[in-house]
Amino acid sequence: MSDRTMGERAAGQGLSFLGRVPGVAFVLVALFAIFATLSPGFTTVPNLSNILVQSSILLLLALPMTLIIMTEGLDLSIGAVLTLASVVLATVALSTGSLSIAVLAAVAVGSAMGLLNGWIIAWPGIPPFVATLGTLSIAQGLCLLLTDGQSVVGLPDELHTVYAGYLLGLPIPIIIGAVAYALMHLLLYHTRLGTYVPALGGNREALRHAGVNDRLVLTVIYGIGGLMAGIAALLLTSRMSSAHPTAGIGMEFDAIAAVAVGGTQFERGEGWLLGTLLGVITIGVLRNGLNLLGMPSSIQVVCVGLLVILALFLDGMRRVEE
Amino acid sequence: MSQAEATVPRRSLALSNDVLSVFYRLLAVGIICVVLSFISDAFLTTNNLLNVLRQASLVFFMASGLTLVILTGKIDLSIGATVGLSACVAATVIKATDSAMLGALVGIGVGAIVGLGNGLLVTKLRIPSFIATYGMLWVVHGITYYYMSGQSVYGFPAEFRAIGSGYFLGIPIPIYLMILFLLAGNFFTKRTTYGQQIYAIGANTVAARLSGIPVNSRLNLVFILSGAMAGLASLIYLARLNSAEGDIGETLTLPTIAAVVIGGTSLFGGVGSLFGTFIGGLILTLILNGMNLLGVSANWQPLITGLIVLLAVWLDMKTRSKTDASS
Amino acid sequence: MVTLTPSAPTESPVHQAAGGAPLLELRGISKTFPGVRALDDVSFPIWAGEIHMLCGENGAGKSSLMKVLCGAYVADAGEMFHNGGKIEIKSTLDARKLGIAVIFQEFSLIPYLSVAQNIFLGREFPGRIPGTIDRQKIRSEAARFLAMIGSDIDVDTPVHKLGVAQQQMVEIAKALSQNARVLVMDEPTSALSDTETEHLFGMMRRLKANGVAIVYISHRMAEVFLLGDRITILRDGKKVDTVLPNETSVSDLVQKMVGRKVDTIHRRGDNMKAGELALEVKGLNAPSGIADINLNVRAGEIVGLCGLVGSGRTEVARAIFGADRISSGQVTFFGKPFSGGPDEATRLGVGLIPESRKAQGLALIRSVGDNIVLAALDRLFPSRLFQPRTARKAADDMIQKLRIATPSARRAAQFLSGGNQQKVVVGKWLTADARLFIFDEPTRGIDVGAKAEVFALMYDLVEKGAAILMISSELSEIVNVCDRAYVMREGRIAGELPRDRLAEENILQLGMHHE
């Protein structure tokens, strides 16, 4: 044992909850205020609802990304896997005419890619960023081979009702997002698997000593990422009523950004799901607001990047003060 | 551990491993060449071989900078995007001023600035390099697209195009440049204290810092060099393609990483060489050239590159875990 | 521990007398790593209801033995028996099923899980909904086991907020909750206060009365004789002997551990030549938890810095060297005020030999030669052009001077023994022309012969006018090696002991928490 734990003992103990909330919440409130002032259409109910609907796809990716980052991992392939699942969904829907088979196929392909990620990271121990960069390229390659670079169009109309439809007076994407959040919360905080997530990032050796098959757990976590990407593919394909071989590329950037802005750390297994939800909404607000102001998507990406830097900077400042 | 056991003389593994690993890679180059010359008549032609070397030179410029970063145990995922931004900015400067020299300097400068940004994110904000440079990838990408707003810039003066498509004594100029930078890079890594410090940082960053090495400034240096080399690569690209668009360089990052890893540089830092990266780039280019000669559709390229990267990393880890199982 | 009262005379373990099979028996256990025979044909029985002391120098094989017991290592050869039946421990799960629980010195806790979740990690109670866990039961059970050892830690606290002693208590509660029949503890008292130690010993006696076998590793002779029913001594991976405490003595034990007659460490003669002020620290405060540190070291002096693990010794060393941020205070090296990082300290002639050689001192995969010149690159090559021949010569000189046992300077540092690795780290600072050396636990993990060499090296350094600040947990080292010492307690300097008051009792007196 080193003497290092000293400092932790000296650090204050009381601010655990309140000390963490402000970071992302303040940023969210600030952004909200800025856009409400700059653009009159921002605070209307349809627009706010629209922000949540648009954020639902990102939420589906950012939730498992939180778990993955808490294991000191990373999934760069999640955007490409989303795209691949979307292309598979569209292709299967066209050839079988059955939407349910198509959705099942998309989820299966997504899960398979996720499990592949987990497997090559857990067993040979390939660093997550290279492993998932490799599978990113593989998923993109499969998209190209399936579509020859063309969009898949002519999908059944009922598909569009998933994204545009309402259930119990609420937009379906919001319901899917809420259910996904609830399930992920249950998984992280109320199951064995979830308990092992901070352990994978915090002290993998100890988890192994406790008799847990850490590699299997890790594989399953990445598999959940792929599974969620498969479900997100339904929303994505439904939104566009078609599948494009480049549609979801770069989505992993927003997902990682949402997790980082939400306050989850890249080390030691520290993270929380509510922060990610706030992070997703923050990025949704940012992108929507910039959209209303007529900013092209290229500038939006730059702003998301700056937002992350700002969040991490503030976070670092707060830690130093503690 | 008792002293008697530890001092039993053993043959030095370190050196023979280095020599062996280079030998194996050269062997791989030879085998691929033999196989390709049997498969395709077009392979063993001067033109094709020079073409392979010229393509390998492009990979090498990016991969050499990346090798320095990886030697320190970090990664730079933004090189592809940096190539894009450097190329676009250099292109507009050349168009506007008609000065190839100014354009080239600006192109390399833009790359260096992006590299500095990466370095500061890693050293000042303490963001893991794979996250910082991946974020940088998309930010740089966004800036490039905004800057170009869908336009393309084309038609450069012949003196500029010569660095990409010119010949000297029947050999493409990029190949001379590659040899020049290989020698310079080798000198930098092996014969300067900077090189020694870079290896030490990769082997154990904490120990390096506690041995008085200015780790942060060296990390900034390697990121700047990586960005600048991407800027240089962008110029060769530009001169070769004679036009610049926003998406230039987009697909280059993964093949570059592949070249470094195939070349035997460990992703965990501290082990590897620029010469290895040169061979790694050559192997990768030969494989892609072979696919080309065999008429394999370009659509297969991402899939195959992905598989190659995973395979190379896996093989590297397997051989490494065998040699130092004790720790 | 000087303040402890001896327990009631221990009756010899009942089961042994009754002639039954031991609870656990090892026969001929061997484990080899490349270049090291960690365990060599080790056999000994562990009886139910006994406290079995395991003694040996660092590297004698104690921790390898623990790892074999808990399933972290699988033995290459040998057999194990449980209540007379042959068993195999191939995984940690196997060990747990047999009721073997191990408390390591390096904790097996998860920083961002609560105390309760840590105690039941891998053994969570299922909840009513299939697949979920019963968080309430986990909390209440955890509280029950903590209460059992007299700890009142809140079970919802995330572990990263606990101090070392509290983490130790969580570890013990975790082992208890596994219904351990064999409890293995590795120096559990190294970070505990008097009261906590009393609690722990009381608990151990209760467990023993309930038939639990405790394997206890300790360097503290007082504990060994106070608690032990039997004492097994390991040396160089072999079992030397198993003895009864009332049939042996401290010197006998030490001799068996060391393997030859040694009078521990020679106390240095009085030092009269303290020279210029090499290091002066005034009012140093740092976010790492140290406050109001004032100390100085003169050329030609070895000054000790001691205190319990967690008292802030390493933090002081790191803050002085510029490795950690400081919030206020002044550090002066050789009369020059210093406020930079380790690179600046190196330039000013200061060298840090950190506590963990492997993690902080050496680039293990680099060669011995590369490591030796690492801190001296700027000095040897002011033009920044690296000359392999010059570097090689500097390295060879140092290898010869310090008698580093390595076939060549090209050998990777990871293949050297602990003592020789330590010499490489010292050689690195000698090559860099350091004049002030900060040694953090200089003898950790190296064998006795090498220890003597390291001390001889230190004496030679001060003889030639260098200054040394030495951190050590081994009080005998501080007492015998240092000219004077500062004692730390809870992040502050609790007092300074001049040479004539430098004794283990006085250090303990100053360094203990008084609760």
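A compact table of results
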{"quantity": "So A:ILE221, is it assigned to a helix (DSSP H, G or I), under 23 Å from C:GLY127 (Cα atoms) and away from chain C (no Cβ under 14 Å)", "calculated": "yes"}
{"quantity": "Qualifying positions in segment B:110-123 - more than 9 Å from chain A (Cβ to nearest Cβ), under 25 Å from B:PHE268 (Cα atoms) and in contact with a Gly (Cβ under 9 Å, 6 or more places away or on another chain)", "calculated": "B:GLY111, B:ALA112, B:VAL114, B:GLY115, B:LEU116, B:GLY117, B:ASN118, B:GLY119"}
{"quantity": "A:LEU145 vs. criteria away from chain B (no Cβ under 14 Å) and either part of a helix (DSSP H, G or I) or in contact with a helix residue (DSSP H, G or I) (Cβ under 6 Å, 6 or more places away or on another chain) (or both)", "calculated": "no"}
{"quantity": "Close pairs from segment B:184-211: first within 9 Å of chain C (Cβ to nearest Cβ), partner crowded, with 24+ Cβ neighbours inside 10 Å and assigned to a strand (DSSP E or B), Cβ under 6 Å, at least 6 apart", "calculated": "B:LEU210/C:LEU352"}
{"quantity": "Check on B:ALA28, crowded, with 24+ Cβ neighbours inside 10 Å and part of a helix (DSSP H, G or I)", "calculated": "no"}
{"quantity": "Criterion (outside any helix (DSSP H, G or I), hydrophobic (A, V, I, L, M, F, W, C) and modelled with pLDDT under 90) met by exactly one of B:ALA14, B:ALA42", "calculated": "B:ALA42"}
{"quantity": "The one condition in (1) surrounded by 18 or more Cβ atoms within 10 Å (Cβ to Cβ); (2) away from chain B (no Cβ under 13 Å) that C:ASP460 fails to fulfil", "calculated": "(1)"}
{"quantity": "Scope segment A:181-194; condition assigned to a helix (DSSP H, G or I) and either more than 9 Å from every other protein chain (Cβ to nearest Cβ) or within 21 Å of A:ALA62 (Cβ to Cβ) (or both); matching residues", "calculated": "A:TYR181, A:ALA182, A:LEU183, A:MET184, A:HIS185, A:LEU186, A:LEU187, A:LEU188, A:TYR189, A:HIS190, A:LEU193, A:GLY194"}
{"quantity": "Restricting segment C:305-353 to residues that are touching a strand residue (DSSP E or B) at 6+ places or on another chain (Cβ under 7 Å) and among the hydroxyl-bearing types (Ser, Thr, Tyr), the residue that is farthest from C:GLU276 (Cα to Cα)", "calculated": "C:SER311"}
{"quantity": "Only one of A:GLY211, A:GLY279, A:GLY271 that is in a loop (DSSP other than H, G, I, E, B) and crowded, with 21+ Cβ neighbours inside 10 Å", "calculated": "A:GLY271"}
{"quantity": "Meets criteria (among the β-branched types (Val, Ile, Thr) and crowded, with 23+ Cβ neighbours inside 10 Å) for A:VAL220", "calculated": "no"}
{"quantity": "One residue from C:VAL164, C:VAL159, C:VAL184, C:VAL215 being crowded, with 22+ Cβ neighbours inside 10 Å, in contact (Cβ under 8 Å) with a residue 60 or more places away in the chain and either more than 26 Å from the chain's Cα centre (by Cα) or not assigned by TED's automatic domain parsing to the domain that holds C:LEU54 (or both)", "calculated": "C:VAL164"}
{"quantity": "Hits in segment A:151-177 (condition: in a helix (DSSP H, G or I) and of a type in the set (Phe, Trp, Tyr))", "calculated": "A:TYR163"}
{"quantity": "Residue in segment B:252-268 that is more than 13 Å from chain A (Cβ to nearest Cβ), β-branched (Val, Ile, Thr) and under 27 Å from B:LEU177 (Cα atoms) present", "calculated": "no"}
{"quantity": "Residue that is farthest from C:GLY351 (Cα to Cα) [pool: residues in segment B:171-183 that are crowded, with 17+ Cβ neighbours inside 10 Å and in contact (Cβ under 8 Å) with a residue 12 or more places away in the chain]", "calculated": "B:PRO172"}
{"quantity": "Some residue of segment B:147-155 being within 11 Å of chain A (Cβ to nearest Cβ) and either in contact with a Leu (Cβ under 8 Å, 6 or more places away or on another chain) or buried (at least 17 other Cβ atoms within 10 Å of the Cβ) (or both)", "calculated": "yes"}
{"quantity": "Any hit, segment C:34-48, residues being at pLDDT 85 or above and part of a loop (DSSP other than H, G, I, E, B)", "calculated": "yes"}
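The values are calculated or read from the model by the stated rules, or taken from the named source; none is laboratory data. Owing to the predicted nature of the structure, the values given are computational and were not obtained by experimental measurement. We place every Cβ from the backbone using ideal geometry, glycine too, and count neighbours over all the protein chains shown.
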